[in-house]
Amino acid sequence: MDTRRDFLQKLSLGIGATALTDLPASARELYSGPKADKQLRVALMGLGSYATRVAEAMKDCKMATLVGAVSGTPSKLETWKQKYNIPEKNTYNYETVGKIKDNPDIDIVYVTTPNSLHHKHVLQIAAAGKHVICEKPVADNAKQTREMIAACKKAGVKFYIGYRMHFEPHTRELIRMREAGELGKIMHVNNYMGFKSGDPNQWRLKKALAGGGAMMDVGIYALNGARYATGEEPIWVTAQETKTDPVKFKEVDETIMFQLGFPSGIMASCGTTYAFNNYERLYVVGEKGFVELSPAFGYGPIKGRTHLGPMNQPVVTHQTLQMDGIADIILNNKPDPNVTGEEGLKDMIVVDAVYESIRKGGAKIMLAGK
Ligand code: NDP
């Protein structure tokens, strides 16, 4: 039921009309008409499970069209050509992808490869002169992220991170309420995101491909959420790590608790894990009210309540809104949202500090100058 069709049906019935004001302006316009004349032409790079999810979601997009694919697996390219009507001339492997610069029919490449390949792949795409969206976590660390930002700047291309929550209606409403002062002065944030990791042989448990464990993969949601829940940038970090299964999580972190201090004096208390399920919540409390989203960061449906009662935002496919939102920003020259490479860098600086704090036995890491 997590479909745009349900959303449109609600709209045509007049249900959720007020919720429309909660959507980004771009989405508001997009969902009221047919497919736009101008389309952002997208190629996906790394045809795994998330790329498939994005491809399916893009079927409902109004301003973004899937036109290309990059893969190291020839059989996948064959399947994708048939399934998504992708012409042969718009398909590449990781060795030939540089030739994408000579292809005028592709505007942007969405990198959905394992974490530690993001740096290399974003540099390749920037060198080919194409805009790029990169999945989270943007890279292994802040140093790599700075190099990616610099490469995109030098090439004159846009660089976005796949932070889909910034397009999600409950999250938009939380940010709107906070910015409008409806929560009063923000006093505390308590966010966590985790799940029980399965296959012990998957790349997510290999440091060389994942960069890190739960913190890199889903702790980033709790961290990014603390930034949009407070509207502040953290100035210090402390963190603690524990492992209940040191064999399975030999190379990467399993469970991390981290605390962020903000300039106003408030703290965010956050957690992440690969060891158990039912661990997904954003809670921000201010002097006048609160917002609790739970689940808060997964594919949804996102659910929420505030001091005023249950939230009633529409349930939509995040990736459809995200891709239409980014298309609208690029094609119509709209201001960049909070999903740029620079936003990814702000998170990676904190992730670096989380690991530094753990290495130093939970020491307080000041972020100034990092
Ligand atoms: P998968 O393993 O399902 O897919 C990754 C794909 O990358 C592979 O199928 C493969 O595609 C390609 N690839 C290239 N080199 C390698 C390699 N050495 N080892 C493994 N795969 C390789 O991963 P996911 O799709 O789950 O995750 C991909 C990225 O998306 C990650 O960065 C992850 O954090 C992010 N993600 C984001 C989510 C979100 O909600 N925003 C949710 C899930 C993931 P091919 O055969 O075509 O080359």
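The values are calculated or read from the model by the stated rules, or taken from the named source; none is laboratory data. Just so you know, these numbers come straight off a predicted model, no measurement behind them. Every residue, glycine as well, gets a Cβ built from its backbone with ideal geometry; the counts of neighbours run over all protein chains shown. All accessible areas refer to the heavy atoms of the entire protein, side chains included, with ligands and DNA or RNA removed. Shrake-Rupley method; radii C 1.70, N 1.55, O 1.52, S 1.80 Å.
For residues in the stretch 207-229 being under 15 Å from residue 117 (Cβ atoms) and open to solvent by less than 40 Å² (accessible area, probe 1.4 Å), which is farthest from the ligand (Cβ to nearest atom)? Working first, answer last.
At the first step, the residues of the stretch 207-229 found to be under 15 Å from residue 117 (Cβ atoms) are 207-212, 216-217.
From the residues that got through so far, the ones that are open to solvent by less than 40 Å² (accessible area, probe 1.4 Å) too are 210-212, 216-217.
Values: 210: 8, 211: 9, 212: 11, 216: 8, 217: 6 Å.
Across the stretch 207-229, the extreme among qualifying residues is 212.
Consider residue 102 carefully, then state whether it is acidic (Asp, Glu) and open to solvent by less than 40 Å² (accessible area, probe 1.4 Å). I'd like the intermediate steps shown before the answer.
Numbers: acidic (Asp, Glu): yes; open to solvent by less than 40 Å² (accessible area, probe 1.4 Å): no.
So residue 102 does not fit the description; no.
Do the conditions hold for residue 105, that is, is it within 16 Å of the ligand (Cβ to nearest atom), in contact (Cβ under 8 Å) with a residue 12 or more places away in the chain and of a type in the set (D, E, K, R)?
Working: within 16 Å of the ligand (Cβ to nearest atom): no; in contact (Cβ under 8 Å) with a residue 12 or more places away in the chain: yes; of a type in the set (D, E, K, R): yes.
Taking the combined requirement at face value, the residue does not satisfy it.
Restricting attention to the stretch 39-63, which residues are open to solvent by less than 10 Å² (accessible area, probe 1.4 Å), near the ligand (Cβ under 8 Å from one of its atoms) and closer than 21 Å to residue 168 by Cβ?
51
Name every residue in the stretch 196-206 that is more than 11 Å from the ligand (Cβ to nearest atom), of a type outside the set (A, V, I, L, M) and surrounded by 15 or more Cβ atoms within 10 Å (Cβ to Cβ), in order of residue number.
197
With the requirement that a residue be polar (S, T, N, Q) and within 14 Å of residue 225 (Cα to Cα), what does the stretch 247-263 give you?
259
Search the stretch 64-80 for residues being more than 13 Å from the ligand (Cβ to nearest atom) and not hydroxyl-bearing (Ser, Thr, Tyr), and hand back the single one that is farthest from residue 121 (Cα to Cα). Don't jump to the end; show me each part of the working.
First, the residues of the stretch 64-80 that are more than 13 Å from the ligand (Cβ to nearest atom): 64-67.
After this cut, where a residue has to be not hydroxyl-bearing (Ser, Thr, Tyr) as well, the list is 64, 66-67.
On the way: 64: 21, 66: 19, 67: 19 Å.
Checking each candidate, the answer is 64.
State all residues of the stretch 87-102 that are touching a residue at least 12 places away in the same chain (Cβ under 8 Å), more than 9 Å from the ligand (Cβ to nearest atom) and within 30 Å of residue 201 (Cβ to Cβ); if no residue qualifies, say none.
91, 92, 97
Taking the stretch 332-345 as the region of interest, how many residues are surrounded by fewer than 24 Cβ atoms within 10 Å (Cβ to Cβ) and modelled with pLDDT of 95 or more? Show your work before the answer.
To start, the set of residues in the stretch 332-345 that are surrounded by fewer than 24 Cβ atoms within 10 Å (Cβ to Cβ) comprises 332-338, 340, 342-343, 345.
Add one more test, that the residue is modelled with pLDDT of 95 or more, and what stays is 340, 342-343, 345.
The number of residues fulfilling the criteria is 4.
Select from the stretch 263-296 the residues that are within 20 Å of the chain's Cα centre (by Cα), among the polar types (S, T, N, Q) and open to solvent by less than 50 Å² (accessible area, probe 1.4 Å) and list them in ascending order.
Within the stretch 263-296, 272, 273 meet the criteria.
One line per residue, one yes/no per condition, for (1) within 14 Å of the ligand (Cβ to nearest atom); (2) outside the structural domain of residue 215 (by TED's automatic domain parsing):
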position: 128; (1), (2): no, yes
position: 135; (1), (2): yes, yes
position: 144; (1), (2): yes, yes
position: 150; (1), (2): no, yes
position: 154; (1), (2): no, yes
position: 173; (1), (2): no, no
position: 180; (1), (2): no, no
position: 183; (1), (2): no, no
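Residues that are free of Cβ contacts under 8 Å to residues at least 40 places away in the same chain, more than 16 Å from the ligand (Cβ to nearest atom) and in contact with a strand residue (DSSP E or B) (Cβ under 8 Å, 6 or more places away or on another chain), at least 2 per element: which strands (runs of 3 or more DSSP E) completely within the stretch 248-339 meet that? Explain how you work it out, then say what you get.
Values: elements: 255-261, 267-273, 279-286, 290-293, 304-306.
So the answer is 255-261.
Within the group 57, 69, 64, which residue is touching a His at 6+ places or on another chain (Cβ under 8 Å) and closer than 29 Å to residue 321 by Cβ? Spell out how you get there, then give the answer.
Numbers: 69 fails: touching a His at 6+ places or on another chain (Cβ under 8 Å); 64 fails: touching a His at 6+ places or on another chain (Cβ under 8 Å).
On inspection, the qualifying residue turns out to be 57.
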